[in-house]
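Here the structure is laid out as structure tokens; the discussion comes afterwards.
The values are calculated or read from the model by the stated rules, or taken from the named source; none is laboratory data. Predicted model only: the values in this text are computed from it and were never measured. Here the Cβ positions follow ideal geometry from the backbone for every residue, glycine too, while neighbour counts run over all protein chains shown. Side chains are part of the model used for accessible areas, which takes the heavy atoms of the whole protein and leaves out ligands, DNA and RNA. Shrake-Rupley method; radii C 1.70, N 1.55, O 1.52, S 1.80 Å.
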Amino acid sequence: MNTSLEVEYWVIDSDGELTPPESLADVSEHTEREFVEPLFELKTPPCESVAELRTTFVEQLQEVLAEADRTDKGLVPLGTPINCDEIERRPGERGRIQKAVIGENFDYANYCAGTHVHFEKRNVTDQLNTLIALDPALALVSSSPYYQGERVANSARAHCYRKRGYAEFPRHGQLWNYVENVGEWSRRLDQCFEEFEREALDAGIEQAAVDDNFSVDDVVWTPVRLRDEMPTVEWRSPDAALPSQLLRLTEELYAVMETIHGTNVQIDDDGGGSAAGHVTNEGVRLPDYETAFDLAGEAIRSGLESNPVVDYLDRMGFSVADYHPIATQIDGRQYVTKSDARELRLEYASRLESDVEQLAATN
């Protein structure tokens with residue numbers, strides 16, 4: 001099953017200040033700038049195994065870090081920059097139209113760095129529903145509780161993105177319900193595109209501009225997406241995090257995806273009580289959507305401090321005790337100053353370098 005990773009990292013200078021990636025984005029065909037100035041994205045090609053993905057991801061990071069060292073820059077594995085000056089979007093029609101439609105809330109996305117895991121399409125309905133049910137697994141790699149200095153949630157990125165950025169457009173940025181088949185998912189996408197198109201035209205955007213910059217395939221920013229162009233099922237729930245953390249999470253997700261390919265997937269109608277959901281070799285049972293949604297909210301708010309979240313993830317096949325999220329390590333303050341945020345960014349840029357060195361040594 002082909003699998004790939006896309007990870008966004010903040011770029012900093014030697015003082016911990018956010019800075020454009022510049023030459024980092026030109027290292028290879030798999031590196032590029034993101035839609036805001038100080039954000040950089042690394043994309044692996046599709047890999048046939050987790051082992052291949054691990055090797056590829058580490059080698060790509062080594063290339064980028066070599067250029068970062070040459071230019072006195074660092075990559076920061078945090079879901080938000082903690083606290084910083086205003087972040088500007090790069091010029092572009094797509095961002096301009098999104099801002100016109102979504103309004104000021106769209107600015108929350110400027111401060112969010114995440115991870116996207118792509119799985120080759122197989123039994124797509126089961127893949128979609130299982131990844132929806134696994135949304136609480138974002139707690140395993142949450143990496144920042146802070147938005148512009150304020151402590152807002154264990155995963156400030158997920159909180160701001162879903163609860164604030166898309167508060168007025170929940171179907172475009174929040175967790176969707178399960179589906180009975182792929183056709184149902186496609187109909188939802190059609191409805192979302194029509195809604196976005198209508199709002200854009202009402203905001204004064206020309207039809208041609210909408211058609212040139214958006215399609216049914218890319219008009220939603222939900223935690224789970226079906227990508228025809230790849231073609232993959234994409235899981236977008238996790239924060240940016242240390243490479244070793246993301247590889248561990250991807251490996252365990254991959255195992256679940258392999259399991260559902262060879263067994264039955266069922267959805268509990270009654271929620272299953274306190275023991276809702278499990279993954280075994282004999283079968284996969286997903287909790288009803290309301291239970292999954294509530295657990296996802298608890299994961300965003302409290303992370304692995306929530307016993308129900310920990311118990312659920314354990315039943316769903318994750319080795320929870322092996323995860324040590326950055327968010328938990330840097331939590332504890334109600335407010336982080338810009339100066340302290342710079343120090344945290346420097347610290348975790350250094351930790352990312354050490355993490356990659358360790359991964360390379362064990363490859």
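For the condition more than 30 Å from Leu352 (Cα to Cα), part of a helix (DSSP H, G or I), open to solvent by less than 70 Å² (accessible area, probe 1.4 Å) and of a type in the set (D, E, K, R), Arg198 does not qualify. For the range 322-363, taking the residues that are β-branched (Val, Ile, Thr) and not in a helix (DSSP H, G or I), the one that is nearest to Leu242 (Cα to Cα) is identified as Val336.
Filter the range 201-225 for residues that are outside any loop (DSSP other than H, G, I, E, B) and of a type in the set (S, T, N, Q); which is least open to solvent (accessible area, probe 1.4 Å)?
As a first pass, look at the range 201-225 and keep what is outside any loop (DSSP other than H, G, I, E, B): 201-202, 207-213, 216-218, 224-225.
The next check asks that each one be of a type in the set (S, T, N, Q); those that pass are 207, 213.
Values: Gln207: 69, Asn213: 43 Å².
Taking the candidates together, the pick is Asn213.
Filtering the range 236-292 to residues that are free of Cβ contacts under 8 Å to residues at least 40 places away in the same chain and not in a loop (DSSP other than H, G, I, E, B) leaves Gln266, Gly273, Ser274, His278, Val279, Thr280, Gly283, Arg285, Glu290, Thr291. Where residues in the range 15-62 are surrounded by fewer than 17 Cβ atoms within 10 Å (Cβ to Cβ) and among the hydrophobic types (A, V, I, L, M, F, W, C), which of them is farthest from Ile87 (Cα to Cα)? The extreme case among them is Ala51.
Of the residues Gly92, Gly79, which is among the small types (Gly, Ala, Ser) and either without any contact (Cβ under 8 Å) to a residue 12 or more places away in the chain or surrounded by fewer than 19 Cβ atoms within 10 Å (Cβ to Cβ) (or both)?
Numbers: Gly79 fails: either without any contact (Cβ under 8 Å) to a residue 12 or more places away in the chain or surrounded by fewer than 19 Cβ atoms within 10 Å (Cβ to Cβ) (or both).
After ruling out the rest, the residue left standing is Gly92.
The residues of the range 232-285 that are under 15 Å from Arg315 (Cβ atoms), open to solvent by 70 Å² or more (accessible area, probe 1.4 Å) and in contact with a strand residue (DSSP E or B) (Cβ under 6 Å, 6 or more places away or on another chain), listed by number, are Gln266, Arg285.
Residue count for the range 165-185 satisfying the condition of being surrounded by fewer than 17 Cβ atoms within 10 Å (Cβ to Cβ) and in a helix (DSSP H, G or I): 5.
Conditions tested, residue by residue: (1) β-branched (Val, Ile, Thr); (2) open to solvent by 50 Å² or more (accessible area, probe 1.4 Å).
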| position | (1), (2) |
| --- | --- |
| Ala296 | no, no |
| Gly317 | no, no |
| Thr328 | yes, yes |
| Val336 | yes, no |
| Arg345 | no, no |
| Leu359 | no, no |
